[in-house]
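Q: I have a structure I would like to understand better, so I am pasting it below and will then ask my questions one at a time.
The values are calculated or read from the model by the stated rules, or taken from the named source; none is laboratory data. Remember, predicted model here, so these are calculated numbers, not experimental data. Reconstructed Cβ throughout: ideal geometry from the backbone, glycine too, with neighbour counts over all protein chains shown.
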Amino acid sequence: MKFTSFTEMPVWQKAHQLVLHVYRCTASFPREEVYGLTSQIRRASLSVAGNIAEAFGRFHYLDKNKFYLNARGSLEETKNYVIISRDLGYLEIEDSSILMDNIDSISEELNIMVKTLRIRGQGKGEKTQNQIQIKNQPDSESA
């Protein structure tokens, strides 16, 4: 399906909902966490949606994939902060479960997108990162 805007993408919509839920949940975090955990989890969740949006604006397969991989990394970072927040008692179990379910759903979609773009890129004759590295390594016989 072709989208005319990143806002039409189901994965971005889920990431957007994740950000909104993170902001609502962190509003009740202790005041001393404003520049610590509250800031970190908010920035990480914002980065997920932001990288998906940025990938939408890219046209090259490898460039798009780089931003989807960045989104996936930020998603894992968000997951880490959700676990820490829950374990510290800052997040209710129900809220952490909702966030974790959303994170898992976004992760599945991002993994499919990354895999699909890799396959498309290879079908277009684009070299994977491993192929580029192998080509740029000196030949062991000539060294």
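Q: What are the residues in the stretch 80-89 that are of a type outside the set (A, V, I, L, M, F, W, C) and surrounded by fewer than 17 Cβ atoms within 10 Å (Cβ to Cβ), if any?
A: Within the stretch 80-89, the first condition is being of a type outside the set (A, V, I, L, M, F, W, C), and the residues that meet it are 80-81, 85-87, 89.
Result: ASN80, ASP87, GLY89.
Q: Can you tell which of VAL11, VAL48 is within 18 Å of LEU91 (Cβ to Cβ), surrounded by 12 or more Cβ atoms within 10 Å (Cβ to Cβ) and not hydroxyl-bearing (Ser, Thr, Tyr)?
A: VAL48 is the lone residue from the list that is within 18 Å of LEU91 (Cβ to Cβ), surrounded by 12 or more Cβ atoms within 10 Å (Cβ to Cβ) and not hydroxyl-bearing (Ser, Thr, Tyr).
Q: Check ARG58, ARG31, ARG72, ARG43 and return the single one that is more than 23 Å from THR7 (Cβ to Cβ), among the basic types (Lys, Arg) and either at pLDDT 95 or above or surrounded by 11 or more Cβ atoms within 10 Å (Cβ to Cβ) (or both). Even if it seems obvious, please write down each step before you answer.
A: Values: ARG58 fails: more than 23 Å from THR7 (Cβ to Cβ); ARG72 fails: more than 23 Å from THR7 (Cβ to Cβ); ARG43 fails: more than 23 Å from THR7 (Cβ to Cβ).
Step by step, each of ARG58, ARG31, ARG72, ARG43 is checked, and only ARG31 is more than 23 Å from THR7 (Cβ to Cβ), among the basic types (Lys, Arg) and either at pLDDT 95 or above or surrounded by 11 or more Cβ atoms within 10 Å (Cβ to Cβ) (or both).
Q: If I ask for residues that are more than 18 Å from the chain's Cα centre (by Cα) and among the β-branched types (Val, Ile, Thr), which ones from the stretch 70-119 would you list?
A: Residues satisfying the conditions are ILE84, ILE93, ILE119.
Q: Could you list, in sequence order, the residues of the stretch 7-17 that are of a type outside the set (S, T, N, Q) and outside any loop (DSSP other than H, G, I, E, B)?
A: Within the stretch 7-17, the first condition is being of a type outside the set (S, T, N, Q), and the residues that meet it are 8-12, 14-16.
Within the stretch 7-17, GLU8, PRO10, VAL11, TRP12, LYS14, ALA15, HIS16 qualify.
Q: Determine, yes or no, whether PHE6 is touching a Ser or Thr at 6+ places or on another chain (Cβ under 6 Å), more than 15 Å from LEU75 (Cα to Cα) and touching a residue at least 40 places away in the same chain (Cβ under 8 Å).
A: On the way: touching a Ser or Thr at 6+ places or on another chain (Cβ under 6 Å): no; more than 15 Å from LEU75 (Cα to Cα): yes; touching a residue at least 40 places away in the same chain (Cβ under 8 Å): yes.
The answer is no for PHE6.
Q: Hand me the list of helices (runs of 4 or more DSSP H) wholly inside the stretch 18-126 holding 1 or more residues that are touching a Gly at 6+ places or on another chain (Cβ under 8 Å). Talk me through it step by step, then tell me what you get.
A: Numbers: elements: 37-56, 61-87, 93-123.
Counting at least 1 such residues, we get 61-87.
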